[in-house]
Amino acid sequence: MKNAGILAAIGVVAILILVLFQGERPLEPAPDFSLLNLNGDVVVLSSFRGSVVILDFWASWCRPCKETFPAVHALYERYADRGVVLLVVSLDSSVEEIRRWMKENGYPSGEVLWGSLPEARAVKGLYGVVGIPHTFLIDREGYIRFDGHPRNLMAENMEELL
């Protein structure tokens, strides 16, 4: 019994050491993709090299998405004049749903990417997104600098990249 306690303590210490000394994760390049925007133009992620990109996975039927989108859009607007771009990959089943929600809420629809639901889902899979809302912040060189829930995306994340 005494040995079990000692082994458990050693295990906890080993895990703490690994966590504390693992160092920073290497930066991952953002997977490239192309989708149509709601204006019918082809948008290719890599064409935004040199800009900071907020990539937001979203849907008009998703309550948490609708709650966080105003803050994401405000962050974009705050930094748009400094080379920040917002791309919204919609996981709605129809373009009409997207347009209706964007219009009702006063947002421009040109930054929304869709094409079709299978295409949007393919990009979602490319990024390993399991649930929405989910946001990525991609630096000017095309590396992912933030990967998570949009409520955790802060102005400090943006300032570091500008």
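Read-outs throughout are calculated quantities, based only on the coordinates presented, and are distinct from any laboratory measurement. Predicted, not measured: the structure shown is a model, and the values here were computed from it. All Cβ positions, glycine included, derive from the backbone under ideal geometry; neighbour counts span all protein chains shown.
Between Arg99 and Tyr143, what is the FRET efficiency for a Förster distance of 35 Å, r being their Cβ-Cβ separation, to the nearest 0.05? Efficiency for this residue pair is about 0.60. Near the amide H of Tyr143, within less than 5 Å, lie the amide hydrogens of Ala30, all on another chain or at least 5 residues away, with H placed in the peptide plane.
Label positions at Leu36 and Glu77, each projected 7 Å from the Cα along the C-beta direction, are separated by 2.9 nm. Which parts of region 129-143 would a label at Glu156 reach, counting a residue when its backbone N lies under 19 Å from a point 7 Å out along Cα-to-Cβ? Counting backbone N atoms under 19 Å from the label point, the list is 135-139.
Beta-bridge orientation, region 28-161: approximately 60 percent antiparallel, per DSSP, counting only bridges with both partners inside. The ranking of Ser60, Ser109, Ser90 by Cβ neighbour count inside 10 Å, starting from the fewest, reads Ser109, Ser60, Ser90.
Rounded, prolate or oblate, given the Cα gyration tensor of region 51-133, with a/c below 1.5 counting as rounded? Walk me through the numbers on the way to the answer.
Working: a/c = 1.63, a/b = 1.24, b/c = 1.32.
It is oblate, given that a/c is not under 1.5 and a/b is not larger than b/c.
Scalar couplings 3J(HN,Hα) for region 106-123, obtained by applying the Karplus form with A = 6.51, B = -1.76, C = 1.60 to θ = phi - 60°, are x, 9, x, 9, x, 8, 8, 10, 8, x, 7, 4, x, 5, 5, 5, 5, 5 Hz; x denotes Gly and Pro. For region 44-64 and region 76-135, write down the distance between their C-alpha centroids in whole Å. The distance from the Cα centre of region 44-64 to that of region 76-135 comes to 6 Å.
State whether region 98-162 is rounded, prolate or oblate according to the following rule on the C-alpha gyration tensor (a ≥ b ≥ c being the square roots of its eigenvalues): a/c under 1.5 gives rounded; otherwise a/b larger than b/c gives prolate, and the remaining case gives oblate. The shape class here is oblate.
Distances between placed amide hydrogens fall under 5 Å for Val89 paired with Asp56, Phe57, Trp58, Leu113, all partners being 5 or more residues away or on another chain.
Quote to one decimal, in nm, the extra length available between Trp61 and Glu28 on full extension: 0.36 nm per residue of separation minus the C-alpha distance between them.
This chain segment gains 8.8 nm when fully extended.
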